[in-house]
Each structure stands twice: as structure tokens, then as C-alpha cells.
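The values are calculated or read from the model by the stated rules, or taken from the named source; none is laboratory data. Since the model is a prediction, treat every value here as computed from it, not as a measurement. Using ideal geometry, Cβ is built from the backbone for each residue, glycine included, and neighbour counts are taken over all protein chains shown.
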């Protein structure tokens, strides 16, 4: 279902339709090339030795036996990294190198300590066994409480924390920020109802099927070519230049197809190791990560602890809100606390607000982006609190949302003022849905308990730099060259925007993602930016094509180019109505007027146009005997601005909801006090399957983004934000007791049922 908020919204010929995806044939036929498919002449294979400890000093490391093993071409350690700890560098530069390969200390389980390249993978793995290494185990810091304790073990001696602008040494708190306006204490004093709760959120992995990979060839002339499945080829290039001390112009990154990313394939992992092994061996080197290493050595979304307090008046109007957000960054700083600050109360107008956010290092792998990074965790706390507060005050939850809804002119928690946004429209879409209006039997005949919950969420989106080139062929077919890897259908959505401007079919635009030498700089594919931001570049390039073609046609018609109009795929002479050329016909005459046309659109888009809001509604049932949860019905309404390809948009809504359901009910890192993950496999890391999920109904809300020519908003992130609190609220409705920690798995549900039973004398 699609709901358009403005009946006067512009109609389009291509945008808003559902053409066949451009990459479909190659993927169906198995022709699409992923990182593991790379085969280069003379290629050898690498393997990585990883630390069994979360925190330990490397006392001795002997690679001599491995170097002389059969089939081995090269062995590297931290001493082979061009950036060394002894250098007078900013800590961030040293950490970027140390994260890839430990030097004198390991600070997470799975931290690379050596790598081998050999004729084949088995030979490389056997050589790893010959590396002699002696560790001095150190106490691991694996919880927030341990990290911030007065006598805490300090992970980084060189970390200087930024605490509200003050430099602080001897700390595991890398950053403490504050967003504040109004007078929260005065607001609480004026409130008739005040509630404060603390929520715990587990670390959760993105769960992509394709493991990380990296293939590299360091040629004798000092040029480096890297093949990798990445969301950020230019980021990989720039990171490699920094770590390897190379010029960016000497590095070419070739992005391959991506078998899932969700933010987890932005950073560097294997690429620098493959490059160094190639340099040392003189041969191309390919490294593939095993599944256990994916879980233990790459970045999940951060876990943490969030304390939220909110005060309302007798009518339910919010008077004040505060939040303390403490996120586990992992072994190195950077846990998306800024996004958490922006998103936690974004769905509401809050006159008096204070948010303190803490970025805390612990002895686990550094966290990475995971779909709306940092926002689902914070929103789990704020939206669960809102639901409980409404119950406490006797206010309908939907009425509360509508009374306090943020809208155009409202202030976002971190300061910016919202432009035109679709928050209210999403709430109304859910309120008017069949799902919302339907009744729910609270207790099934078999004794299972049922409940309904709703929650809203927000993601700001992103702009950034993009470059796109459009080439017009003589037959009128257009090639679209871009540098953003496609992880959500962006080849098609960009091609459709080009087709809309050029007046041709989407099938007549052939998009391709190329290497970093073949296109201008493009920011990463992440943050819901590509269709929106790179779309700006596409539109600019397409408009330049049209203007050039007017000039060419003016030669044929012997008129001024300014008197040629273009509309719906046709060029028209305003002074001679009989002179009319379709785009393809005009393309066929390029040879007569100077040759082919190629135009590049290069943009740096500022802002996202307000981001995207969503409201989700869920019905579920709980088996009181086992604690098992079954999702019965799920509806997701989200503002897409303008849905470029509605099928892709629906898929993004459903995919985000599915991942959010997993985070809510099943997914977590089972970690020992020594920092060892115990469930590092798909068998033990419980992700939802098709058998666990209902049909997820979608409502596409269209509130045009005033910052995009077609009204487009980035939509890929927002869908993961509301599920966890919506499910928490539905669970509380079903069992009569509330859970404050994810995942809300059967064990914790049974504990909540037992607690309620003990208090009430029965269910």
C-alpha cells in the first residue's frame, strides 16, 4: 500500500514504477562476481593467525618455522606494518594499523597477530600451526561496569578521552558528549507523571551471508590493485594509503558484488594483510575470512546501557526528557553515539531535554555500523519507556504519539530544526490501517498469551560526495557509470532517475559500478545515502546530457539552442512545431554533430532533507510454558519521500523489520568474563529464519523531500529502529510484565512470567 500525503505531488513516467532489476540476470545465472570468485594469474592464498585472548601482551613471536614450511611464500607480523607504535603519531593513526595487525599487545579475541601466504589454503593453515607465540594474559574488560570502574584496567595507555571538551587520561571512556536545551529539572518538577528506567541492549551482528574477503596484487612498479566486497571502495583506498603509507593515486580498489553488508562491510579487515603479503611474495594474494572470525573479529552493532527519564503533564504533553547512553565501542573508539543522540527522542517535541552519551572501549572487536547505527538501541529504551509511561498515566499510546509528534519546525534532539517530514503521516497511516482497527483475542484457546505493541523510529539519512558519468550511445542506449557498490538495488534506482530525466525506459539505461580509477570520488554506500545523494549526481549528469543534445540538435535545425525544449523524451523546436526528435533518434545523429556525449555529475549534497520516520505495529503470542514468541501480524509504515522503485522500498521495510525482530528476540553475543564469544556460528548465533517471521505488511508513506528533485528520501536504515521496542511493548501487553533487556528470549520471558506470577499469585 502506498499513501501519498500531497494530492498535488508530481507524477513521473519512470520513478515510482517497478522495472526488472538490472543485476537480476547475472545473479540468477551465477555470472555475478563476488570477492571469493577472484582468480588472478599466479594467485596464492593467505590465512590469518588470531589471538585466543581478549587482552594479552605478546612476549615472543617466532615465525621462522612457518617461513620455511612447504608452499609458503611470505609471513607477516605486526612488525611488517608500515605504521609502527614507536612512531610519533596521533593515537588514531596507530590504532588504525594495530586493529589490522597487533604489534605488542592484543586487545580483542580474534585480533590478528600474523598472516601467511602459500600456494594453497591448506598449506597456509598448516603453516600457521608452526608459528610460536607466547602471551602474557591480562584481565579483560568486557562490560561497561568494568570499563568505567574507578580501578578499571586501562586498555589504551595513549587514549585521551574527550569528556565534554576536557581532555582526560587514564580512562576507557573515549568520549562523553551532551546535547541540551531548556531546563529538564524544571520540566520534571512541573510534571504530573515522571518515569525513569534503565535498559540493556546486546551486541548484535549484521548477519551477512558472504564472509569478508580481500585479494591484492602489489606490482613491481609500486602500484596496488585490491579486489574486495566493500560498501566503501574509496574508503578502502584511502584507508590503505594511510596504513600502508602509499599515495592514493597508486591504489586501485575494484568493488565486487556484496553478499550482504548492512554497514558491516565499510571498514578494513583483510585488504592491508593481502597487500603486504603480495608485496613480500611478489604474487597476487587472496584471503577469505572464516565464519568464526567474522563473528569474533569484525564489528557488530554496539551493545550498551541506556537510562531514560521522561515527565508529562496531566494531558500527556511531554515537559522534559533526559537520557544517559553508554555504548560499548569495542577495542577502539567509535560507537555511533552521535546518531543515538540524534535519534532517541526525534519522534517527539521535547521542550526541555538533556542527553549524555558515552563511547566506551572494551576488550572485544571494534563495533561497526549496523543499519541505522546506534539508533535502534537508544530507541528501544525511549519507545519502551513511552509505552510504560502511557500505561502508568492512563493515556492511549497512539494518542500520546499524536499529541507530541515532531513535525516541520520541531527541534531534533541534537539541535537541527526539522524541515518537512513524514512522522505524523506514518502515525496516521498505522492508525487508519486494518491492523490497528482489528481486534486481538488476548488469550488463545490453547492458553497462549497475546499482545499488541507499537513504536516509532527515525533515521537522519546522509548526503555526501558522489560522482556519476552518463555516456550516450548512437542507438540511444545510455551507460551509467557510478562508484557506489549496490547493496540494496541502487543500480536500478539510479538508472530510473536517469531515465526519468532523459525520457527513456529504465531498461535503456545500463548501470555499472566501477573501480576507483574509473570514476570520481564517491562516499560510501551506507546511511541511506545512495539513491538520494548519488541520485543528485545522476540528475545533474542527465540534465547536462540534455543541454548538450540541445546544442547538437540546434546545429541540425539551424536554430538557437535556447529555442529547443525537451519534454517526455522529445526535443521540440519552439519556433517550428513540425521539428521534433525523440531522444533515441537524436542520439543517432550525434556522429553528424561532433561525436558521442559523455557528461559527469559531481555533487556534494548537504543534509538529507529531514530523514525518514517509521511506525511499526506488531501482534504476537507467548507460550507461557516455554516462553516462545510467535509474531502473528506485523505492519510497517514508513516515509519514503517518493518511492523510486516500490518493490525495493517494500523489501527494505521488510528486511529492516526482520533484522529488528531478530535483535529483539534472539540475537546476542554470549561472551565469557575473559571476552571469548561462545556462539560464533550461524548454528549458535540465533538469527530469525523464514519460519520465525510472518508476512510483513508495508505501508509506503510519501511526504516529498524538499531537498531532492523527485522528493526522494533515504529509506534503508529506518526499518530496523522500531521493531525491538514495538515487540517489547507487545510482550508487556501479553504477559503483564515488562522486559528491559535484549534479546527478549524465552528464558528472560519465563523469568518475567515467574516474577509476575509471584507478585499476583497467578497469571
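Overview of results
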quantity: Subset of the stretch 516-541 that is in contact with a strand residue (DSSP E or B) (Cβ under 6 Å, 6 or more places away or on another chain) and part of a helix (DSSP H, G or I) - its residue that is nearest to residue 715 (Cα to Cα); calculated: 533
quantity: Those residues of the stretch 564-576 which are surrounded by fewer than 15 Cβ atoms within 10 Å (Cβ to Cβ) and either in the same structural domain as residue 712 (by TED's automatic domain parsing) or free of Cβ contacts under 8 Å to residues at least 60 places away in the same chain (or both), in sequence order; calculated: 565, 574, 575, 576
quantity: Residues that are in a loop (DSSP other than H, G, I, E, B) and buried (at least 24 other Cβ atoms within 10 Å of the Cβ), drawn from the stretch 269-283; calculated: 269, 270
quantity: Qualifying position, being outside any loop (DSSP other than H, G, I, E, B), touching a strand residue (DSSP E or B) at 6+ places or on another chain (Cβ under 9 Å), closer than 23 Å to residue 526 by Cβ and not assigned by TED's automatic domain parsing to the domain that holds residue 722, among 456, 466, 479; calculated: 466
quantity: Qualifying residue in the stretch 641-657 (condition: farther than 17 Å from residue 529 by Cα, crowded, with 18+ Cβ neighbours inside 10 Å and touching a helix residue (DSSP H, G or I) at 6+ places or on another chain (Cβ under 6 Å)); calculated: yes
quantity: Selection count where residues are touching a helix residue (DSSP H, G or I) at 6+ places or on another chain (Cβ under 7 Å) and within 27 Å of residue 421 (Cβ to Cβ), scope the stretch 609-632; calculated: 7
quantity: Test: residue in the stretch 170-186 that is loosely packed, with under 14 Cβ neighbours inside 10 Å, in a loop (DSSP other than H, G, I, E, B) and free of Cβ contacts under 8 Å to residues at least 60 places away in the same chain; calculated: yes
quantity: Test: residue in the stretch 191-199 that is crowded, with 16+ Cβ neighbours inside 10 Å, at pLDDT 95 or above and either assigned by TED's automatic domain parsing to the domain that holds residue 365 or out of contact with any helix residue (DSSP H, G or I) (no Cβ under 7 Å at 6 or more places or on another chain) (or both); calculated: yes
quantity: Boolean, residue 295 is touching a residue at least 24 places away in the same chain (Cβ under 8 Å) and either in a strand (DSSP E or B) or closer than 21 Å to residue 513 by Cβ (or both); calculated: no
quantity: Failed item in (1) in contact with a strand residue (DSSP E or B) (Cβ under 7 Å, 6 or more places away or on another chain); (2) part of a loop (DSSP other than H, G, I, E, B); (3) closer than 24 Å to residue 300 by Cβ, with residue 686 passing the rest; calculated: (1)
quantity: Meets criteria (farther than 21 Å from residue 215 by Cβ, in contact with a helix residue (DSSP H, G or I) (Cβ under 7 Å, 6 or more places away or on another chain) and modelled with pLDDT of 95 or more) for residue 130; calculated: yes
quantity: The stretch 604-646, residues that are out of contact with any strand residue (DSSP E or B) (no Cβ under 8 Å at 6 or more places or on another chain) and either farther than 28 Å from residue 686 by Cα or not assigned by TED's automatic domain parsing to the domain that holds residue 428 (or both); calculated: 606, 607, 608, 609, 610, 644, 645
quantity: Test: residue in the stretch 729-739 that is crowded, with 24+ Cβ neighbours inside 10 Å, in contact with a strand residue (DSSP E or B) (Cβ under 8 Å, 6 or more places away or on another chain), within 13 Å of residue 616 (Cα to Cα) and in the same structural domain as residue 429 (by TED's automatic domain parsing); calculated: yes
quantity: Number of positions in the stretch 743-763 that are over 41 Å from the mean Cα position of the chain (by Cα) and modelled with pLDDT of 85 or more; calculated: 1
quantity: Residue under evaluation residue 84, criteria (1) over 27 Å from the mean Cα position of the chain (by Cα); (2) at pLDDT 95 or above, criterion not met; calculated: (2)
quantity: Flag for residue 65 being within 30 Å of residue 678 (Cβ to Cβ) and at pLDDT 95 or above; calculated: no
quantity: Residue 579 vs. criteria in the same structural domain as residue 686 (by TED's automatic domain parsing) and either closer than 30 Å to residue 330 by Cβ or surrounded by fewer than 17 Cβ atoms within 10 Å (Cβ to Cβ) (or both); calculated: no
quantity: Criterion (buried (at least 23 other Cβ atoms within 10 Å of the Cβ), in a strand (DSSP E or B) and within 18 Å of the chain's Cα centre (by Cα)) met by exactly one of 369, 329; calculated: 329
quantity: Qualifying positions in the stretch 343-355 - more than 27 Å from residue 298 (Cα to Cα) and not in a loop (DSSP other than H, G, I, E, B); calculated: 348, 353, 354, 355
quantity: Subset of the stretch 405-442 (residues that are assigned to a helix (DSSP H, G or I) and within 28 Å of residue 708 (Cβ to Cβ)); calculated: 423, 424, 425, 426, 427, 428, 429, 430, 431
quantity: Some residue of the stretch 714-726 being over 21 Å from the mean Cα position of the chain (by Cα) and crowded, with 21+ Cβ neighbours inside 10 Å; calculated: no
quantity: Selected residue [under 30 Å from residue 735 (Cβ atoms) and either in contact (Cβ under 8 Å) with a residue 60 or more places away in the chain or surrounded by fewer than 24 Cβ atoms within 10 Å (Cβ to Cβ) (or both)] from 600, 593, 615; calculated: 615
quantity: Qualifying residue in the stretch 496-504 (condition: out of contact with any strand residue (DSSP E or B) (no Cβ under 6 Å at 6 or more places or on another chain), buried (at least 17 other Cβ atoms within 10 Å of the Cβ) and part of a loop (DSSP other than H, G, I, E, B)); calculated: yes
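Here's the yes/no breakdown for (1) buried (at least 24 other Cβ atoms within 10 Å of the Cβ); (2) over 27 Å from the mean Cα position of the chain (by Cα); (3) part of a strand (DSSP E or B):
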position: 308; (1), (2), (3): yes, no, yes
position: 316; (1), (2), (3): no, yes, no
position: 324; (1), (2), (3): no, no, yes
position: 341; (1), (2), (3): yes, no, no
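Every residue, every condition in (1) at pLDDT 95 or above; (2) more than 31 Å from the chain's Cα centre (by Cα); (3) under 17 Å from residue 335 (Cβ atoms); (4) not assigned by TED's automatic domain parsing to the domain that holds residue 363, yes or no:
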{"residue": "145", "(1), (2), (3), (4)": "yes, no, yes, yes"}
{"residue": "149", "(1), (2), (3), (4)": "yes, yes, no, yes"}
{"residue": "154", "(1), (2), (3), (4)": "yes, no, no, yes"}
{"residue": "161", "(1), (2), (3), (4)": "yes, no, yes, yes"}
{"residue": "167", "(1), (2), (3), (4)": "yes, no, no, yes"}
{"residue": "175", "(1), (2), (3), (4)": "yes, no, yes, yes"}
{"residue": "179", "(1), (2), (3), (4)": "yes, no, yes, yes"}
{"residue": "182", "(1), (2), (3), (4)": "yes, yes, no, yes"}
{"residue": "185", "(1), (2), (3), (4)": "yes, yes, no, yes"}
